[in-house]
Each structure stands twice: as C-alpha cells, then as structure tokens.
Amino acid sequence: MNFKSLDILRISNLLPLGLKTAAIVIVAAIAGLLLNLVNPRAIPYFSPKPYDIYVSCPQEETAPGIKKITSRELNELRVAGVVIVDSRPTPEYLEGHIPGAISLPYDPLACPDPKTVEMIKEGERVVVVYGSTSPDEGVALAQGLHHQGVPMVAHLEGGFPAWVKAGMTVKKGDK
C-alpha cells in the first residue's frame, strides 16, 4: 500500500490546499466583476427597476359582437326572457345571484361545456353574462360563448357588485 497518497488527507495538508482554492475562486470572481465593468455588453449587476421583464397587457372590456348593459337594462330584459349566466365560482353563486341566472363558472383552462352552450343557444335569446367585477371573468366567458356561436351575447357592466349596488333583487342558494 502506498502511504504517500494518504498524506494529502492530513489536516496539515488540507489547510494550505483549501486556502489556495479559495484564493483562486476570489481572484477569478474579482477578475470577472472587473471585466464586466469594462465590457460594452456587460451584464447589469442590478435591474434598473423591479420586475423589468413583466409587461402589463391592457384588457379589453368587451370584444366585437358583445354589448355592455347596465343593471337597470338587465332588470328590464329579465321580463323578456333573457338568458342570464353567472360566471363566478359556484360558492359565490350560492351566496347570492341574479334571480333566474344559470351558474356556469368560468375556467380559463377549459371551454364551456358544449351541452350547456347548446342549451343557452336555444331560442336565439339574448344571453347576458356577469362576473365579480369589471373587467372580470364574465367578459372572458362572454367572449368564449360568442366564439362558440352564441349570436347575441351581452356583458353586465360592473358585474354582480353593480347589480347589488343598484339595489336589485338577489337570490340565495341554488336555482
């Protein structure tokens, strides 16, 4: 057995080896930082402003073919047999919704159920979609229904909060 190869594992031999390694790493880091200062295509040390890579996208209130209506207009249309669709999550629908509204929670990762869309299209009635606020998931669902061939789609401006604020009737529970 060669005992000279085990000599490197002694503490007295590891300390100088560690110091040499640390010195090489520190010199390389300092050299890299200094070279970055003089390089015309240098990598910035700090971002000029936080989250510089994110760009806010303006959201469209409505899309072509989708009309905005107010709470008062919707209240008048309810008598004419308009289809009202609530795009909020089911628990919110159960806490309170516009009387006669169908719960069809908006899911950004899935299309509305084709059977439900076909049921909504029957009779060629006006379909009014609402959500929590404006712009909201109601706008997105209205756009989705319009793209799936629902001919007359409207969006409740201000969503369910606007309905409540206008003092309109609210139904609790399902149906």
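Do we find that Glu124 is surrounded by fewer than 23 Cβ atoms within 10 Å (Cβ to Cβ), in contact with a Pro (Cβ under 7 Å, 6 or more places away or on another chain), farther than 18 Å from Asn75 by Cβ and acidic (Asp, Glu) in this structure?
So Glu124 fits the description; yes.
For (1) surrounded by fewer than 16 Cβ atoms within 10 Å (Cβ to Cβ); (2) among the small types (Gly, Ala, Ser), each residue gets a yes or a no:
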site: Ala80; (1), (2): yes, yes
site: Leu109; (1), (2): yes, no
site: Val117; (1), (2): no, no
site: Gly149; (1), (2): yes, yes
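Scan the range 8-15 and tell me whether some residue there is over 30 Å from Lys172 (Cβ atoms), part of a loop (DSSP other than H, G, I, E, B) and modelled with pLDDT under 80.
Within the range 8-15, one or more residues are over 30 Å from Lys172 (Cβ atoms), part of a loop (DSSP other than H, G, I, E, B) and modelled with pLDDT under 80.
Within the range 60-78, take every residue that is surrounded by 10 or more Cβ atoms within 10 Å (Cβ to Cβ), in a loop (DSSP other than H, G, I, E, B) and not aliphatic (A, V, I, L, M) and give me the one that is modelled with the lowest pLDDT.
In this case the residue turns out to be Glu60.
How many of the residues in the range 158-168 are surrounded by fewer than 22 Cβ atoms within 10 Å (Cβ to Cβ) and touching a Phe, Trp or Tyr at 6+ places or on another chain (Cβ under 9 Å)?
Of the residues in the range 158-168, 2 are surrounded by fewer than 22 Cβ atoms within 10 Å (Cβ to Cβ) and touching a Phe, Trp or Tyr at 6+ places or on another chain (Cβ under 9 Å).
The values are calculated or read from the model by the stated rules, or taken from the named source; none is laboratory data. In this text the structure is predicted, and so the values were computed from the model without any measurement. No Cβ is skipped: glycine too gets one built from the backbone with ideal geometry, and neighbour counts run over all protein chains shown.
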